[in-house]
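Undergrad: Right, I'll just put the structure down here and ask away after.
The values are calculated or read from the model by the stated rules, or taken from the named source; none is laboratory data. Treat the numbers as computed from the prediction; the structure is a model and nothing was measured. Neighbour counts are summed over all protein chains in view; Cβ atoms, including those assigned to glycine, are modelled from backbone coordinates with ideal geometry.
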Amino acid sequence: MNHASSAVRAGFKLTPTTPAIGALIEGVDAGTLSDTQFAQVHAALMTHHVIFLRGQRLSQAQLVAFARRFGEPQPASESSFGKLEGFPEIDVLDYDATRPPYVTKEMWHTDFSGRAEPTMGSVLYALQVPSSGGDTIWVSLAAAYEALSARMKQYLAGLRAQHETVKAFGDDIRSHLWKDQAGRQRFERIKAQPPAEHPVICTHPVSGKKLLYVNEGYTTRLLGVERKEGEAVLNYLFEHLRTPEFQVRHRWREGDVVVWDNRITQHYALADYGERRVMHRITIRGVRPQ
Ligand SMILES: [Fe+2]
């Protein structure tokens, strides 16, 4: 079935952003989606990995209700972001020149891949955006897998990799998070977390697409191969994953609601802005990648 035409039947317009990843959805109110509309929005997410809904006006309760249609929200207490009283599902991402999101630079990452069960996806709602900058880039891990050579696919088949949260949250990346007592305790907990092990090639549980599941932010080593060899292969894969043809870059507007499938993407949030940028985020619980 053609998603664009079924989207029209569900009463909205769907426009793929790039052939590999991303779709713009126009003409829906995320706060009042019918079940038919939601089924088409969900289908669009499965096909395009990240969907962009413009011009939304959602209360916090409506944002939570919308996110809940995709799955069970993960409590915001499990992240390092700001919290919101009364809405334990919502992370507050609030940054400007005096409170930058990280010390040096962001790394490409799949959220929570340092855990045995990384999140299924996220819903991000833009409340305030800088006049320029603060874009987010997503990468299709299916497109990245497809573009590997047959030899490389064969080499990676059956391999597993280690993912460690401390790599993404080390002192050099986010030391500003660890300044106060609560922050230092959180950092100690992160350092004590055992590494997660995930297959390098995973299969998406809904679409059945094969995907390349390593990321610069969390993946620390390939298991079962000599360490230097593993480092060289991982560095090649991180470089491969930066290929522009696998990417979509989103220029945020206030009122944007973006949903991404964290099982088949990685992303990079640009820290190139000084004006305030405020987002509310809800992450959805996931299962062990297979
Ligand atoms: Fe992220």
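Undergrad: Sort out for me the strands (runs of 3 or more DSSP E) sitting completely within segment 43-130 that have 2 or more residues that are away from the ligand (no atom under 16 Å from the Cβ).
TA: In segment 43-130, 50-53, 121-128 are the strands (runs of 3 or more DSSP E) which contain 2 or more residues that are away from the ligand (no atom under 16 Å from the Cβ).
Residue-by-condition table, conditions (1) hydrophobic (A, V, I, L, M, F, W, C); (2) in a loop (DSSP other than H, G, I, E, B):
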residue: Arg184; (1), (2): no, no
residue: Phe187; (1), (2): yes, no
residue: His198; (1), (2): no, no
residue: Glu229; (1), (2): no, no
residue: Leu237; (1), (2): yes, no
residue: His240; (1), (2): no, no
residue: Arg249; (1), (2): no, no
residue: Met279; (1), (2): yes, no
residue: Arg288; (1), (2): no, yes
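Undergrad: Condition first: of a type in the set (A, V, I, L, M), away from the ligand (no atom under 14 Å from the Cβ) and touching a strand residue (DSSP E or B) at 6+ places or on another chain (Cβ under 6 Å). Now tell me which residues in segment 131-150 satisfy that.
TA: Residues satisfying the conditions are Leu141, Ala142, Ala144.
Undergrad: Can you find even one residue in segment 199-213 that is small (Gly, Ala, Ser), touching a strand residue (DSSP E or B) at 6+ places or on another chain (Cβ under 7 Å) and either under 27 Å from Ala271 (Cα atoms) or at pLDDT 95 or above (or both)? Even if it seems obvious, please write down each step before you answer.
TA: Taking segment 199-213 first, the residues small (Gly, Ala, Ser) are 207-208.
Imposing the further condition that a residue be touching a strand residue (DSSP E or B) at 6+ places or on another chain (Cβ under 7 Å) reduces the set to none.
No: segment 199-213 contains no residue that is small (Gly, Ala, Ser), touching a strand residue (DSSP E or B) at 6+ places or on another chain (Cβ under 7 Å) and either under 27 Å from Ala271 (Cα atoms) or at pLDDT 95 or above (or both).
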